[in-house]
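Colleague: Just passing along the structure, written as structure tokens.
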Amino acid sequence: MSVASTSGLASAVRGILPRKQVLDGEDGQRWIGSGGTPGAVAFPASTDEAARVLTRASEEGWTVEPVGSGTWLWPGSAGTPPDLVLSASGMVRVVEYDPADLTVTAEAGMTLPALASLVTPQHQWLPFDPPGRSHSLGAVAATGVWGPLGAAWGGPRDLVLGLRAVTGDGRAFSAGGRVVKNVAGFDLVRLLIGSRGALAFITEVTMRLSSLPEVDHTLVMRGSSLDELVDGAVRACALSVTPAAVELFEREVPLGGKSEVALAVRVLGGRERVDAEEAVLRASLASSGELTRLAPAEADALWREVRHLEEGAELVLRLSLTPARIGELIGLAQTLFSVAGGQEERARMAVHAGTGVLRLAMPKLRVDSGWDERWAGRLEDLMGALSKRDGTLTVTRAPAPLRARLKGRESSPVDGELMSGLKAVFDPAGILSGGDR
Amino acid sequence: MLKAAVPEPLPRALTDELVELVGEDGVITDPSRLLVYESDALTAYRYLPRAIVFPATTEQAAGVLSALTSHGVAFVPRGAGTGLSGGALAVDGSVLVGTARMDRILELDPVGRLARVQAGVVNADLTAAARPHGLHYAPDPSSQSACTLGGNVAENAGGPHCLKYGVTARWVTGLTLVLPDGRVTELGGWGKEPPGFDLVGVVVGSEGCFGLVTEIEVRLLPTPAAVRTLLAIFEDVERAVAAVTDIIGSGLLPAALEIIDGETIWAVEASVFAAGIPVDAGAALVIEFDGTDAGLDSEAQRAEDYCLAAGARDVRRAGDDAEREALWKGRKKAFGAMGRIAPDLLVQDATVPRSKLPAVLHRIIEIGHEHGLRLANTFHAGDGNLHPKILFDRRDPEQVARVERASEEIMRVCVAAGGTITGEHGVGLDKRDYMTLVCSPVELDLMAGVKAVFDPRGLCNPGKVLPPPPETRG
């Protein structure tokens, strides 16, 4: 970077944005997961302001880390602190909401709960439940992550209709639109979804909403063996009805401290349809165990628990295989526990049975001599085992020393070349971080 | 409209190389045999290709693309040629690379609900193969009995049932892509979360401009246990649209909501596809619900109530599969039935926010009147996706000019209403000059940049999707 000191950088940014929209020094630390201090944290209030900051950053060669409201930051997520953190959390306005169209456009810093409070009075919702809490729309688009409802509704790549964003070199652009079907030009929306800020800083998001269902039921099976539950989950996903979510997850049992695995199935829609689907599910899963319908408050608590599984965890993994093979997926996760020897007692998992994704969260890793090397070895073995089965392992979160030992997952040489080409189109100076984050 | 002269023959060495790769019968260079490939379903544009080559495998396709590229010859991927945007035309002496021989279903996994097919497999054939397993492939464009999955991927095709199930991009999980230089890459895959950017996502809908997709992995869905199909008859389109808005706003999620207007009803009923709709109706709304049998009757009843409240003069339910088939045939064959009314047909494809449908439709009808053109409307009302059909005779250049003006005005109206110039047919050659209505120069630059990453020499489907740079525009 060409600015000699970090305070110089902050004052340069203060020349672009109003003073109160720029932090530096210790105030900036909360915006970095890895510890350390960024040169400045900037909170643009508009696409135009973000564009001005990025134009300058690109000219100066400042490294920039795009973030939303900062809820997805965690220790160990980054290496060297960036020169500048660019946060969308100051951009929280509704741009356009016409309930009759079932679409909403909001600035990228608006959080999912804020969006819910906007659309719920209109009997609408965003059928989307990614892990975590209070994520911003920009961040969910940038990470592309989804939760249990992804089985029926897809993820951000299916729910985001349009974006407004700023390239690494400060060019503002729109992609997609606010209509459900749109094939005018190449699909820059899907390119940006899941690109983790490596291509552009997202400033506005247009999402497709749904009408709130008449009824929303959650059925739970517990007390059965793991094999029975896996069998039940696979069967629930193989029926002619598609449940809104089929989740196998480990939950804490307050007394005794041990966890238990339960199967939760969510069905929603018109009352009669839901009743009929429930009947099909009960009959088809009878050999695995009994499904009990939860009261609404219990159901809310259950799905909240699933969403918050990763909270505070030091190590978070995402394992994926085709959904019919979730039994194998759980087996592989258990192998990791057993080689880890005892540390797994408090590790928890949740499996999105409909999409074949297992999330694994370990609250605390035992740090002793050589721990990071041992863990790196275990994870590489797991990665190899999954890759042999045509699956993948993503390390979502890991302590810095372990992350440093892990090789990033590499694309094939051709894909790697395509991706660096795409990166150069959107961020010619290569200042935007993101990617393996 | 546009018609090019007979292009130059291919260099002998290249023809020999192509024959070596795919066999004598896999290469057509005789202009009289190439005539059938001079246009797609948008017959207004005609370009005679220099040749068409039919690889049967990914390996052959890689050889073909590599040979073409090393000779600096531009090429255009082509499926069944049912596209409606001039996307598969061999402009400027390009060679077509056809997928007709890549017509094998490579794998159908009923347990995993997954299929891997070659790009030339016909959409309806996949569903036919999946049916014995109680499964189907969701996107169902009206041309599904002819169009290929490769073409569907290129256009990110939709269809009536995409209201509930979503368009092609939702169901494609993996692709084998041959890059223009002949290198092959496997993208995505169900059960994988590959690192980096969503390359499958950006290749779907790229209109054959990024290379040739040779294999496609798609998810299959269970065939619904039961279906209810309703037909509501209205005096005018506005009332039909009001019913659609009420149905969707109520939280009901029909599998399809399709409107055909009076002009279309007239054409359909006078054709072999007659569905028994009163010819004096102003609009007919087809509503379909699918799922478990038990809930369907009450949903159908609620939809019927909304239709009656919105002013429907009659609501019928298809009593059996035969009636249902007839009803859908009327909707899906509307395009063909129009042939009775006029020799040529231009199908527009624009999408507007659903709440803007009545105003936009009203304006579209006015535009037809202003230009003295007959216009019929069929549309995916639930998605706000309009297909105004302009009837004309292309032998009359003055009429053709009016069609072009009306067509452009329709696009402008849709864009002004917050919509876009194409919902599912693609930009192709037909709409590339209108891309500036929906994209800023920065956006067009970014798209051109993305294309150049896949196709740095600009040999793959040149001249499509993006308008020529301003300095080269005539």
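The values are calculated or read from the model by the stated rules, or taken from the named source; none is laboratory data. Fair warning: this is a prediction, and the values are worked out from it, not measured in the lab. For neighbour counting, all protein chains shown are included, and Cβ atoms are generated from backbone atoms with ideal geometry for every residue, glycine included.
Colleague: Just to be sure, is residue B:185 within 8 Å of chain A (Cβ to nearest Cβ), at pLDDT 95 or above and more than 30 Å from residue B:285 (Cα to Cα)?
Modeller: Values: within 8 Å of chain A (Cβ to nearest Cβ): yes; at pLDDT 95 or above: yes; more than 30 Å from residue B:285 (Cα to Cα): yes.
The answer is yes for residue B:185.
Colleague: List every residue pair whose Cβ atoms sit under 9 Å apart, with the two residues 6 or more apart in sequence or on different chains, where the first one lies in the range A:140-165 and is away from every other protein chain (no Cβ under 11 Å) and closer than 16 Å to residue A:350 by Cβ and the second, anywhere, is acidic (Asp, Glu) and in a strand (DSSP E or B).
Modeller: Listed pairs, sorted by first residue: A:147/A:247; A:148/A:247; A:151/A:247.
Colleague: Follow-up question, since we're still on this one. Is at least one residue of the range A:76-87 free of Cβ contacts under 8 Å to residues at least 40 places away in the same chain and either away from chain B (no Cβ under 14 Å) or in contact with a Lys or Arg (Cβ under 7 Å, 6 or more places away or on another chain) (or both)? Lay out the reasoning, then the answer.
Modeller: Residues of the range A:76-87 free of Cβ contacts under 8 Å to residues at least 40 places away in the same chain: none.
Taking every residue of the range A:76-87 in turn, none turns out to be free of Cβ contacts under 8 Å to residues at least 40 places away in the same chain and either away from chain B (no Cβ under 14 Å) or in contact with a Lys or Arg (Cβ under 7 Å, 6 or more places away or on another chain) (or both).
Colleague: Which of the strands (runs of 3 or more DSSP E) found entirely inside the range A:338-427 contain at least 3 residues meeting this: within 14 Å of another protein chain (Cβ to nearest Cβ) and of a type in the set (S, T, N, Q)? Steps first, please.
Modeller: Numbers: elements: A:348-352, A:357-362, A:392-397.
Output list reads A:392-397.
Colleague: Being out of contact with any Phe, Trp or Tyr (no Cβ under 9 Å at 6 or more places or on another chain) and farther than 10 Å from residue B:154 by Cα is the filter here; which residues of the range B:196-210 pass it?
Modeller: From the range B:196-210, those out of contact with any Phe, Trp or Tyr (no Cβ under 9 Å at 6 or more places or on another chain) are B:196-201, B:204, B:208; that's our starting set.
Selection gives B:196, B:197, B:198, B:199, B:200, B:201.
Colleague: Related question: Criterion first (in the same structural domain as residue B:408 (by TED's automatic domain parsing), of a type outside the set (A, V, I, L, M, F, W, C) and in contact with a Leu (Cβ under 7 Å, 6 or more places away or on another chain)) does residue B:374 satisfy it? Before you say what the answer is, go through the steps one by one.
Modeller: Values: in the same structural domain as residue B:408 (by TED's automatic domain parsing): yes; of a type outside the set (A, V, I, L, M, F, W, C): yes; in contact with a Leu (Cβ under 7 Å, 6 or more places away or on another chain): yes.
Judged against the criteria, residue B:374 is a match.
Colleague: With respect to residue B:326, determine if the residue is in contact with a Gly (Cβ under 9 Å, 6 or more places away or on another chain) and crowded, with 21+ Cβ neighbours inside 10 Å.
Modeller: So residue B:326 does not fit the description; no.
Colleague: Anything in the range B:188-218 that is within 7 Å of chain A (Cβ to nearest Cβ), closer than 18 Å to residue A:186 by Cα and of a type in the set (D, E, K, R)? List them, or say none.
Modeller: Selection gives B:198 alone.
Colleague: Going by the conditions given, is residue A:119 in contact with a helix residue (DSSP H, G or I) (Cβ under 6 Å, 6 or more places away or on another chain), among the β-branched types (Val, Ile, Thr) and in a helix (DSSP H, G or I)?
Modeller: Numbers: in contact with a helix residue (DSSP H, G or I) (Cβ under 6 Å, 6 or more places away or on another chain): no; among the β-branched types (Val, Ile, Thr): yes; in a helix (DSSP H, G or I): yes.
No, not satisfied.
Colleague: Which of the strands (runs of 3 or more DSSP E) contained wholly in the range A:193-281 include at least 2 residues that are modelled with pLDDT under 95?
Modeller: Numbers: elements: A:200-208, A:215-221, A:245-252, A:259-269.
Because the criterion is at least 2 residues that are modelled with pLDDT under 95, the strands (runs of 3 or more DSSP E) in the range A:193-281 that meet it are A:245-252, A:259-269.
Colleague: Among the listed residues B:146, B:119, B:130, identify the single one that is surrounded by fewer than 23 Cβ atoms within 10 Å (Cβ to Cβ), more than 14 Å from every other protein chain (Cβ to nearest Cβ) and either within 18 Å of residue B:87 (Cα to Cα) or in contact with a Leu (Cβ under 7 Å, 6 or more places away or on another chain) (or both). Break it down stepwise before answering.
Modeller: Numbers: B:119 fails: surrounded by fewer than 23 Cβ atoms within 10 Å (Cβ to Cβ); B:130 fails: more than 14 Å from every other protein chain (Cβ to nearest Cβ).
Checking each option against the conditions leaves just B:146.
Colleague: With in contact with a Ser or Thr (Cβ under 6 Å, 6 or more places away or on another chain), touching a residue at least 40 places away in the same chain (Cβ under 8 Å), at positive phi and not assigned by TED's automatic domain parsing to the domain that holds residue B:458 as the only criterion, which of B:196, B:211, B:182 stands out?
Modeller: Numbers: B:196 fails: touching a residue at least 40 places away in the same chain (Cβ under 8 Å); B:211 fails: in contact with a Ser or Thr (Cβ under 6 Å, 6 or more places away or on another chain).
So the residue among B:196, B:211, B:182 that is in contact with a Ser or Thr (Cβ under 6 Å, 6 or more places away or on another chain), touching a residue at least 40 places away in the same chain (Cβ under 8 Å), at positive phi and not assigned by TED's automatic domain parsing to the domain that holds residue B:458 is B:182.
Colleague: Across the range B:394-413, which residue is surrounded by the most Cβ atoms within 10 Å (Cβ to Cβ) among those that are of a type in the set (Lys, Arg) and not in a helix (DSSP H, G or I)?
Modeller: Of the residues in the range B:394-413, the ones of a type in the set (Lys, Arg) are B:394-395, B:402, B:405, B:412.
Remaining after also requiring not in a helix (DSSP H, G or I): B:394-395.
Details: B:394: 16, B:395: 9.
Selected residue: B:394.
Colleague: Something else now. Among strands (runs of 3 or more DSSP E) lying entirely in the range B:85-199, which contain 1 or more residues that are under 30 Å from residue B:249 (Cα atoms) and not aromatic (Phe, Trp, Tyr)? Let's see the steps before the verdict.
Modeller: Working: elements: B:95-98, B:105-109, B:114-118, B:172-178, B:184-188.
Correct list: B:172-178.
Colleague: Can you find, within the range A:97-112, the residue that is nearest to the other protein chains (Cβ to nearest Cβ) among those that are over 23 Å from residue A:41 (Cβ atoms) and out of contact with any Lys or Arg (no Cβ under 7 Å at 6 or more places or on another chain)? Let's see the steps before the verdict.
Modeller: Taking the range A:97-112 and keeping what is over 23 Å from residue A:41 (Cβ atoms), we get A:97-105.
In the following step, the residues that additionally are out of contact with any Lys or Arg (no Cβ under 7 Å at 6 or more places or on another chain) were identified as A:97-99, A:104.
Working: A:97: 11, A:98: 6, A:99: 8, A:104: 12 Å.
Step by step, filter the range A:97-112, then rank; the result is A:98.
Colleague: Conditions: (1) within 14 Å of chain B (Cβ to nearest Cβ); (2) crowded, with 24+ Cβ neighbours inside 10 Å. Residue A:205 meets all but one. Number of the miss?
Modeller: Single failed check for residue A:205: (1).
Colleague: Pick from the range B:1-32 the residues that are surrounded by 13 or more Cβ atoms within 10 Å (Cβ to Cβ) and in contact with a Gly (Cβ under 7 Å, 6 or more places away or on another chain): which of them is modelled with the lowest pLDDT?
Modeller: This residue is B:7.
Colleague: What are the residues in the range A:380-397 that are in contact with a helix residue (DSSP H, G or I) (Cβ under 8 Å, 6 or more places away or on another chain) and of a type outside the set (D, E, K, R), if any?
Modeller: Listed by number, the residues that qualify are A:382, A:385, A:386, A:391, A:392, A:393, A:395.
Colleague: Could you check the range B:249-326 for strands (runs of 3 or more DSSP E) lying wholly inside it with 1 or more residues that are at pLDDT 90 or above and within 14 Å of chain A (Cβ to nearest Cβ)? Reasoning before the result, please.
Modeller: Numbers: elements: B:256-261, B:283-291, B:314-317.
Per the criteria, B:256-261, B:283-291.
Here's the yes/no breakdown for (1) away from chain B (no Cβ under 14 Å); (2) under 20 Å from residue A:350 (Cβ atoms); (3) aromatic (Phe, Trp, Tyr):
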residue: A:227; (1), (2), (3): yes, yes, no
residue: A:261; (1), (2), (3): yes, yes, no
residue: A:284; (1), (2), (3): no, no, no
residue: A:295; (1), (2), (3): yes, no, no
residue: A:298; (1), (2), (3): yes, yes, no
residue: A:302; (1), (2), (3): yes, yes, no
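Colleague: Among the residues of the range A:319-329, are any closer than 30 Å to residue A:368 by Cβ, in contact with a strand residue (DSSP E or B) (Cβ under 7 Å, 6 or more places away or on another chain) and buried (at least 22 other Cβ atoms within 10 Å of the Cβ)?
Modeller: Step one: filter the range A:319-329 for residues closer than 30 Å to residue A:368 by Cβ, giving A:319, A:329.
Still in the list and also in contact with a strand residue (DSSP E or B) (Cβ under 7 Å, 6 or more places away or on another chain): A:319, A:329.
The next check asks that each one be buried (at least 22 other Cβ atoms within 10 Å of the Cβ); those that pass are A:319, A:329.
Scanning the range A:319-329 turns up at least one residue that is closer than 30 Å to residue A:368 by Cβ, in contact with a strand residue (DSSP E or B) (Cβ under 7 Å, 6 or more places away or on another chain) and buried (at least 22 other Cβ atoms within 10 Å of the Cβ).
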